[in-house]
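I'd like to ask you about the structure that follows.
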Amino acid sequence: MPRVLFVFTGGTISMRFDPATGGAVPALSGEEILAYDPGLRTFADLEVIDFGRFPGPHMTPERMWALSELIARELARPEIDGIVVTHGTDTLEETAYLLDLRHTSPKPVAFVGAIRNSSELGYDGPANLRAALRTVIQPQAGNQGVFVVLNQMIHAASEVTKTSTQQLDTFQSPLFGPLGMVDDDRVLFARQLTARTTVVTSAWETRVEIVAMYAGADSRFIDYAREQGAQGLVIEGTGRGNVPPAAVPGIQRTLDAGLPIVIASRCAHGRILDTYAYAGSGHDLRQRGVLLAGTLHPAKARIKLMLALGRTRDPVELRSLIEAGSY
């Protein structure tokens, strides 16, 4: 039988209702969660590591990095065939993308979570765990990086995002769709990634901030982030990657200070491209030296910039790292 490691970090999948606090809180260990589905052990020999019981918003960059280091060490063990990681869904896509960018092993890793806690009817944690386990033991899962598996759908960590606060099908890949699905009789892969980007580095830069754009936005928060020690910025722009003209002076001051800026979009679907050439447009920003995030939304663009800055501060190499593989 294949041997699969389950790494439990917390999230709703580990929660139950607590009368004392009036809401759901982390409570279950990894073994307690696995006990909801004894049939899991008919698919593979299982190991369990309890990394923590963190709600999604409690997953800090330091914890994300420690988790990625743990996963790399465990994947190096010859007896381990795949890994399933549980995670709070609020920040799942960020941690999964970090691990995907650092993932160079042919062995598959799948992130999984739950939308309903163990005290609710329709607790989806056990079904998601089973789907993730069945995914990572498939031969077709090799050499595809990190997956996100929820609601029976298999997504690429680089493409998936949380789209709803409480629907079971909240995780979607808006631009290209899922990689496959887990059905009753077998796991179906409909497509494979044609290219994956990795960033090889032994450290990353956590002082990267996101500044949102909106009608009438100016340079104040851009300047504030720089003045408070940010080492890089992601601008959550509008449309194709545009900003109001009043934000341009702050962007230029930040570039003049030698700090990289990546422009992403607040749109849920689409690609950054320097199509427009007015003041504050994507073309204007790129001519100034701003980097284009491609299809990455701001939170993932931040993860990529953090890793890239851990490897280099050279502007040419940064552009290559950020824009390569981002479609």
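The values are calculated or read from the model by the stated rules, or taken from the named source; none is laboratory data. For clarity, every value in this text was computed on a predicted model and none was experimentally measured. Note that we place each Cβ from the backbone using ideal geometry, even for glycine, and neighbour counts take in every protein chain shown. Keep in mind that these areas ignore ligands, DNA and RNA; they rest on the heavy atoms of the full protein, side chains included. Shrake-Rupley method; radii C 1.70, N 1.55, O 1.52, S 1.80 Å.
According to a simple spin-label model (label point 7 Å from Cα along Cα-to-Cβ), what is the distance in nm between ARG73 and THR165?
3.9
Ok, one more. Which value at 222 nm does the chain reach when only helices count, each DSSP H run of 4 or more adding -39,500 (n - 2.57), with the total divided by all residues and rounded to the nearest 500 deg cm²/dmol? Write out the running numbers ahead of the final one.
Working: 9 runs with 90 residues, N = 327.
Value at 222 nm, helices only, nearest 500: -8000 deg cm²/dmol.
Of ALA257, TYR276, TYR224, which is farthest along the charge dipole of segment 204-284 in the positive direction, counting Lys and Arg as +1 and Asp and Glu as -1 at C-beta?
Sorting the options by dipole projection puts first TYR276.
On a full-extension model of 0.36 nm per residue, what is the gain between SER320 and ARG3, subtracting their alpha-carbon distance, rounded to one decimal in nm?
On the way: separation 317, 0.36 × 317 = 114.12 nm, distance 3.74 nm.
Stretched out fully, the SER320 to ARG3 stretch lengthens by 110.4 nm.
Quick one: of the DSSP bridges fully inside segment 104-252, what percent are antiparallel, nearest 5? Don't skip to the answer; put the middle values down first.
Working: 12 of 20 bridges.
Rounded to the nearest five, the antiparallel share is 60 percent.
If you roll a 1.4 Å probe over the heavy atoms of the protein chains, what accessible area per residue do you get for segment 43-148, in Å²?
Working: 3710 Å² over 106 residues.
On a per-residue basis, segment 43-148 sits at 35 Å².
Okay, moving on. Once both axes come from the Cα atoms, what is the angle between helix 298-311 and the longest principal axis of the chain, in degrees from 0 to 90, rounded to 10?
80
Of GLU32, GLU209, GLU93, which is the most mobile in a GNM of the chain whose springs link Cα atoms less than 10 angstrom apart?
Highest fluctuation among the options: GLU32.
Related question: Which value, in Å³ per residue, describes the convex hull spanned by the Cα atoms of segment 17-149?
Values: hull volume 13.9 nm³, N = 133.
Once divided by residue count, the hull of segment 17-149 is 105 Å³.
Just need log10 I(q)/I(0) for segment 2-55 at q = 0.16, 0.18, 0.20 Å⁻¹, Debye formula, equal scatterers on the alpha-carbon atoms, no solvent, rounded to two decimals.
With one equal scatterer per Cα and no solvent, log10 I(q)/I(0) is -0.51, -0.61, -0.71.
Using only the Cα atoms of segment 231-318, build the gyration tensor, take square roots of its eigenvalues as a ≥ b ≥ c, and label the shape rounded, prolate or oblate: rounded if a/c is under 1.5, else prolate if a/b is larger than b/c, else oblate. Before the final figure, lay out each step's value.
On the way: a/c = 1.83, a/b = 1.18, b/c = 1.55.
Since a/c reaches 1.5 but b/c is at least a/b, the shape of segment 231-318 is classed as oblate.
Now for a different question. What size of dipole, in debye to the nearest 20, comes out for the chain about its Cα centre when the only charges are +1 on Lys and Arg C-beta atoms and -1 on Asp and Glu C-beta atoms? List each step's numbers first, then the result.
Numbers: 31 positive and 35 negative charges, 142 e Å.
It works out to roughly 680 debye.
How large is the charge dipole for segment 203-327, taken about the Cα centre, if only the Cβ atoms of Lys, Arg (+1) and Asp, Glu (-1) carry charge, to the nearest 20 debye? Mind dumping the intermediate values first?
Values: 15 positive and 12 negative charges, 52 e Å.
Dipole size: approximately 260 debye.
If contacts are Cα pairs under 8 angstrom and at least 6 residues apart, what is the relative contact order of the chain in percent? Can you show the working numbers first?
Details: 723 pairs, mean separation 42.8, N = 327.
This gives 13 percent for the chain.
How many percent of DSSP beta bridges within the chain run antiparallel, rounded to 5?
If we restrict to bridges inside the chain, about 35 percent are antiparallel.
Would you mind telling me the share, in percent, of accessible area of the chain contributed by carbon and sulfur at probe 1.4 angstrom?
Working: 7060 of 13760 Å².
For the chain, the apolar C and S fraction of the accessible surface comes to 51 percent.
Using a simple spin-label model with points 7 Å from Cα along the Cα→Cβ vector, what separation in nm is obtained for HIS58 and ASP256?
4.5
Suppose each label sits 7 Å from its Cα in the direction of the beta carbon; what would the ALA20-ARG288 distance come out to in nanometres?
Placing both labels 7 Å beyond Cα along the Cβ direction yields 5.2 nm.
Let me ask you something else. Quick check for me: using +1 on Lys/Arg Cβ and -1 on Asp/Glu Cβ, what's the dipole size of segment 71-162 about its Cα centre, in debye to the nearest 20? Can you show the working numbers first?
On the way: 8 positive and 10 negative charges, 43 e Å.
My answer is approximately 200 debye.
Report the semi-axes of the equivalent ellipsoid for segment 101-226 in whole Å, largest first, where each axis is √(5λ) for an eigenvalue λ of the Cα gyration tensor. Write out the running numbers ahead of the final one.
Values: eigenvalues 193, 90, 39 Å².
Each semi-axis is the square root of five times an eigenvalue, giving 31, 21, 14 Å.
Here's a follow-up. Indicate, rounded to the nearest 5 percent, the antiparallel portion of the DSSP beta bridges found entirely in segment 1-89. It would help to have the intermediate numbers written out before the result.
Working: 4 of 15 bridges.
Antiparallel: roughly 25 percent of the beta bridges in segment 1-89.
Ignoring ligands, DNA and RNA, what accessible area per residue does segment 228-267 give at 1.4 Å, in Å²?
Details: 1370 Å² over 40 residues.
Spelled out: the 1.4 Å probe surface of segment 228-267, per residue, equals 34 Å².
Given axes a ≥ b ≥ c from the Cα gyration tensor, I'd like to know whether segment 34-106 is rounded (a/c under 1.5), prolate (a/b larger than b/c) or oblate. Provide the component values of the computation, followed by the final result.
Details: a/c = 2.13, a/b = 1.24, b/c = 1.72.
In terms of gyration-tensor shape, oblate.
Working from the alpha-carbon coordinates of segment 108-180, get Rg over Rh, Rh being the Kirkwood radius.
On the way: Rg = 12.0 Å, Rh = 12.4 Å.
My calculation of the ratio gives 0.97.
Compactness ratio of segment 201-251: Cα Rg over 2.2 N^0.38 Å, N = residue count?
Details: Rg = 12.0 Å, N = 51, 2.2 N^0.38 = 9.8 Å.
Relative to the 2.2 N^0.38 Å estimate, segment 201-251 comes out at 1.22.
Additional query: Quantify how much of the Cα-Cα distance distribution of the chain extends past 38 Å, in percent.
Values: 9258 of 53301 pairs.
Considering the chain, 17 percent of its Cα-Cα pairs are separated by more than 38 Å.
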